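Working notes for the structure below.
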Amino acid sequence: MPGVRVNRNAADRVHSGHLWIFAGDILDRGSAQPGDAVRVIDYQGRTLGTAHFSSTSQIALRLLSRRIEQIGQNFLLQRMKAALAFRQRIVAGSDAYRLIHAEGDLLPALVVDRYADWVAVQLLDQGMDRAEPDIVNVLTELLQPLGIVARNDVAIRRKENLAEQTKVL
């Protein structure tokens with residue numbers, strides 16, 4: 001996993017609970033490529049966690065975990081199961097709700113809305129866009145929807161150098 005070194009300001013924000021690290025706070029991106037899951041390292045070489053790296057946005061790192069973890073289908077399954085269990089406890093009398101609320105569910109740049117047997121997703125950074133197949137697999141396993149629609153027609157995707165589009169996944 002590539003490592004990205006960040007300055008003291010970024011490390012302090014992470015320690016205070018912030019999940020974003022800005023491009024100006026990166027000291028060395030190493031071999032990180034757009035959308036990579038990377039190991040975030042502070043200015044003294046200590047590990048801060050795992051994040052998705054964006055090569056074009058001012059939000060260069062979106063922290064996914066405070067540990068070093070492989071960010072793949074199993075990771076997404078565990079996070080989405082937790083989000084679904086929470087929604088099942090708090091949503092009563094409706095089969096339409098926001099299942100994944102990005103940072104609120106520790107999945108920055110991913111928004112998932114459930115509308116009965118249909119699911120709409122927004123993949124808002126290079127990392128989540130790259131993870132689309134795993135996200136679709138997990139949602140299919142958890143919800144068995146009739147369909148999944150990508151509503152990637154929001155302007156923020158331009159800052160990530162991603163196409164704006166709507167499509168059935």
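The values are calculated or read from the model by the stated rules, or taken from the named source; none is laboratory data. Everything quoted here is computed from the prediction, not taken from an experiment. Backbone-built Cβ (ideal geometry, glycine too); neighbour counts: all protein chains shown. Surface accessibility is based on the protein's heavy atoms, side chains included, excluding ligands, DNA and RNA. Shrake-Rupley method; radii C 1.70, N 1.55, O 1.52, S 1.80 Å.
Taking region 36-51 as the range and being part of a loop (DSSP other than H, G, I, E, B) and under 14 Å from MET128 (Cα atoms) as the test, only ASP36 passes.
For region 91-112, taking the residues that are touching a strand residue (DSSP E or B) at 6+ places or on another chain (Cβ under 9 Å) and surrounded by fewer than 12 Cβ atoms within 10 Å (Cβ to Cβ), the one that is nearest to ALA131 (Cα to Cα) is identified as ALA96. Checked against (1) in contact with a Ser or Thr (Cβ under 6 Å, 6 or more places away or on another chain); (2) free of Cβ contacts under 8 Å to residues at least 40 places away in the same chain, ARG67 passes all but a single condition, namely (1). For region 30-68, a tally of residues being open to solvent by 40 Å² or more (accessible area, probe 1.4 Å) and within 14 Å of the chain's Cα centre (by Cα) returns 2. With respect to (1) under 27 Å from HIS18 (Cα atoms); (2) open to solvent by 50 Å² or more (accessible area, probe 1.4 Å); (3) in contact (Cβ under 8 Å) with a residue 60 or more places away in the chain, the lone exception for ASP153 is condition (3). So which residues in region 1-22 are assigned to a helix (DSSP H, G or I), open to solvent by 40 Å² or more (accessible area, probe 1.4 Å) and either under 13 Å from PHE53 (Cβ atoms) or not acidic (Asp, Glu) (or both), if there are any at all? Selection gives ARG8, ASN9, ARG13, HIS15.
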